[in-house]
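The values are calculated or read from the model by the stated rules, or taken from the named source; none is laboratory data. Everything numeric in this text was worked out from a predicted model, so none of it was measured. Cβ placement follows ideal geometry from the backbone for every residue including glycine, while neighbour counts extend to all protein chains displayed. SASA here: full protein model, heavy atoms, side chains in, ligands and nucleic acids out. Shrake-Rupley method; radii C 1.70, N 1.55, O 1.52, S 1.80 Å.
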Amino acid sequence: MKYRSLAVLSTLVLGAGLAGCSSSGGSSGDAGGGRTALDVWLMRDSVSAGFQQEFETGFEKAHPDIDVKIQIQEWEGIGEKVTAALASNDAPDVIEVGNTQVAQYAQSGGLTDLSDRVAELGGDDWIKGLAEPGRYDGKQYGIPYYAANRVVIYRTDLFEKAGVDAAGIKTRDQWLEAGRKLDKDGTQGIYLPGQNWYVLSGFVWDEGGDLAVESGGTWKGGLDSPEALRAMDFYRRLQSLGKGPKDSDEAQPPQAEVMAKEQIAQIIAVPGGAKVIEEKNPALKGKLGFFPIPGKTADQPGAVFTGGSDLIVPAVAAHQEEAFTFLRELTGDAWQKKLAVAMSYVPNRTTLASAVSGDPGTAAMAAGAANGHATPNTPEWAAIEAKNPIKEYMTAVLTGKDAAAEAAKASATITDTLNSGS
């Protein structure tokens, strides 16, 4: 998934104005006074104006020979813009991209291989859902920047009324049991749209399966595996505990707005969805809580799709060492902690999760991120999302069609699509 779709939801967390403007300019070279001008593209909603100013001031104090020039870019049309920059002779020195976009840029040969700098950047405990899609053909091109993922947002008053303790929900079986208690007296136990394939993906990973697997350079769709079929059966049972539509996703209609209007005990969303619920229904302010999506067993939270960003360095960038210095600072412990607190994002390392312990929504997100995953790491995955046979498959099963037969059809489409570019 391109990060933009999760970023749109994550903007609800922020509430801070952003500085800068889009620019297509590349490296500007000499900044005067013997300083190097380092041209950096960061994306809309990546940093607030306050954090950007604080970082630039701190970075330049520590590295007075570098003049950082951060330009804020828009998600709309960014793919074409980055592709053009990588093919030019005047690319920026550092670019923020969606974590699952790295493969398509690396395929062109336009990125700097940073594999030999991973240890220096503290890569041993990077969040897997950011680090894995940053690799292509065994080389690390994308450096994890920050993450966001879905959690359970719940109504504390409805849970209390039903006698359900959210803190005690650690497994999927306990989650189902709680949902059954909540799904009565005019309350929906959960509002789960039928085509929320990111949530299904987490259940597939929990079962030990995947959406597609690669062997010997050939991809094969995985929805018809026993693991994925078990995941779809769990999704069906969970979805039945509410009145979520079977033929649309969480954006149609916006599920946070639905929760604001109706008696819905819980939804699965990024924490920023809580702000929308409260804005649409102020009476619910102070009545919303968060917990990680439960796992198959109690030893770890459920698997989640990790949205977020990586930082890349174009192969043609003029200031490679200065770009690495920027990466080391912005993705290092000190600035990651500050970024997480300022922007309510998950830091790029599992060992930094405590930085957001004071924010219940982000803390739940960070707990889930430890079991984060990304979509299959191939440039052709974008074509899967364009067709989205996974959504069609889910609707078919939820409306009573044979799961195994529909899974085989969807897997065949995934197989054909992923191998069409090989």
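On the basis of being touching a Ser or Thr at 6+ places or on another chain (Cβ under 6 Å) and within 26 Å of ASN377 (Cα to Cα), does GLY194 make the cut? Yes; evaluated as a whole, the condition is true for this residue. Filtered by the rule that a residue be in contact with a Leu (Cβ under 8 Å, 6 or more places away or on another chain) and of a type in the set (A, V, I, L, M, F, W, C), segment 103-153 gives LEU111, LEU114, LEU121, ILE143, ALA147, ALA148, ILE153.
Please go through segment 375-387 and give me each residue that is under 19 Å from VAL204 (Cα atoms) and open to solvent by 20 Å² or more (accessible area, probe 1.4 Å), ordered by number. Give the derivation first.
First, pick out the residues of segment 375-387 that are under 19 Å from VAL204 (Cα atoms): 375-378, 381, 384-385.
Answer for segment 375-387, where residues must be under 19 Å from VAL204 (Cα atoms) and open to solvent by 20 Å² or more (accessible area, probe 1.4 Å): ASN377, GLU385.
Give segment 69-85 a look and list any residue that's in contact with a Ser or Thr (Cβ under 6 Å, 6 or more places away or on another chain) and open to solvent by less than 20 Å² (accessible area, probe 1.4 Å), or say none.
Looking only at segment 69-85, we keep the residues that are in contact with a Ser or Thr (Cβ under 6 Å, 6 or more places away or on another chain), and these are 71, 73-74.
Listed by number, the list holds a single entry, GLN73.
Suppose the filter is in a helix (DSSP H, G or I) and open to solvent by 10 Å² or more (accessible area, probe 1.4 Å); does ALA178 pass it? No: the conditions fail for ALA178. Here segment 281-310 is the region considered, the condition is being among the β-branched types (Val, Ile, Thr) and in contact with a helix residue (DSSP H, G or I) (Cβ under 8 Å, 6 or more places away or on another chain), and the residue that is nearest to GLY134 (Cα to Cα) is THR306.
In segment 117-161, what count of residues is obtained for those that are assigned to a helix (DSSP H, G or I) and among the aliphatic types (A, V, I, L, M)? Break it down into steps so the answer makes sense when it comes.
Of all residues in segment 117-161, those assigned to a helix (DSSP H, G or I) come to 117, 123-125, 128-134, 156-161.
Now restrict to residues that are among the aliphatic types (A, V, I, L, M): 130-131, 158.
Within segment 117-161, residues that are assigned to a helix (DSSP H, G or I) and among the aliphatic types (A, V, I, L, M) number 3.
Exactly one residue among LYS296, LYS243, LYS285 is charged (D, E, K, R), within 30 Å of PRO389 (Cβ to Cβ) and over 24 Å from the mean Cα position of the chain (by Cα), and that residue is LYS243. Identify all residues within segment 138-166 that are of a type in the set (Gly, Ala, Ser), open to solvent by 20 Å² or more (accessible area, probe 1.4 Å) and in contact (Cβ under 8 Å) with a residue 40 or more places away in the chain; write none if there are none. Listed by number, the list holds a single entry, ALA162.
With respect to the conditions (1) within 22 Å of the chain's Cα centre (by Cα); (2) open to solvent by less than 20 Å² (accessible area, probe 1.4 Å); (3) over 18 Å from ALA334 (Cα atoms); (4) at pLDDT 95 or above, ILE66 falls short on a single one, namely (1).
Filtering segment 193-214 for residues that are open to solvent by less than 60 Å² (accessible area, probe 1.4 Å), outside any helix (DSSP H, G or I), of a type in the set (D, E, K, R) and farther than 28 Å from ALA162 by Cα leaves a non-empty set. In segment 285-299 there is at least one residue that is closer than 28 Å to ARG230 by Cβ, at pLDDT 95 or above, open to solvent by less than 70 Å² (accessible area, probe 1.4 Å) and touching an Asp or Glu at 6+ places or on another chain (Cβ under 7 Å).
Return the residues of segment 331-368 that are among the aromatic types (Phe, Trp, Tyr) and either assigned to a helix (DSSP H, G or I) or without any contact (Cβ under 8 Å) to a residue 24 or more places away in the chain (or both); say none if nothing qualifies.
Step one: list which residues in segment 331-368 are among the aromatic types (Phe, Trp, Tyr), which gives 335, 345.
Matches in segment 331-368: TRP335 only.
Scanning segment 208-254 for residues that are among the hydroxyl-bearing types (Ser, Thr, Tyr) and in contact with a Pro (Cβ under 6 Å, 6 or more places away or on another chain) yields one hit, SER248.
Is it fair to say THR306 is open to solvent by 20 Å² or more (accessible area, probe 1.4 Å) and closer than 18 Å to ASP206 by Cβ? Talk me through it step by step, then tell me what you get.
Numbers: open to solvent by 20 Å² or more (accessible area, probe 1.4 Å): no; closer than 18 Å to ASP206 by Cβ: yes.
Against the criterion (open to solvent by 20 Å² or more (accessible area, probe 1.4 Å) and closer than 18 Å to ASP206 by Cβ), THR306 does not qualify.
Being small (Gly, Ala, Ser), within 25 Å of THR399 (Cα to Cα) and surrounded by fewer than 16 Cβ atoms within 10 Å (Cβ to Cβ) is true of ALA251.
Here's a check for you: in segment 388-418, which residue that is among the acidic types (Asp, Glu) and part of a helix (DSSP H, G or I) is most open to solvent (accessible area, probe 1.4 Å)? So that I can check it myself, show each step before the final result.
Keep residues of segment 388-418 that are among the acidic types (Asp, Glu), which gives 392, 402, 406, 416.
With the extra rule that they be part of a helix (DSSP H, G or I), the set shrinks to 392, 406, 416.
Values: GLU392: 123, GLU406: 31, ASP416: 108 Å².
Per the criteria, the residue is GLU392.
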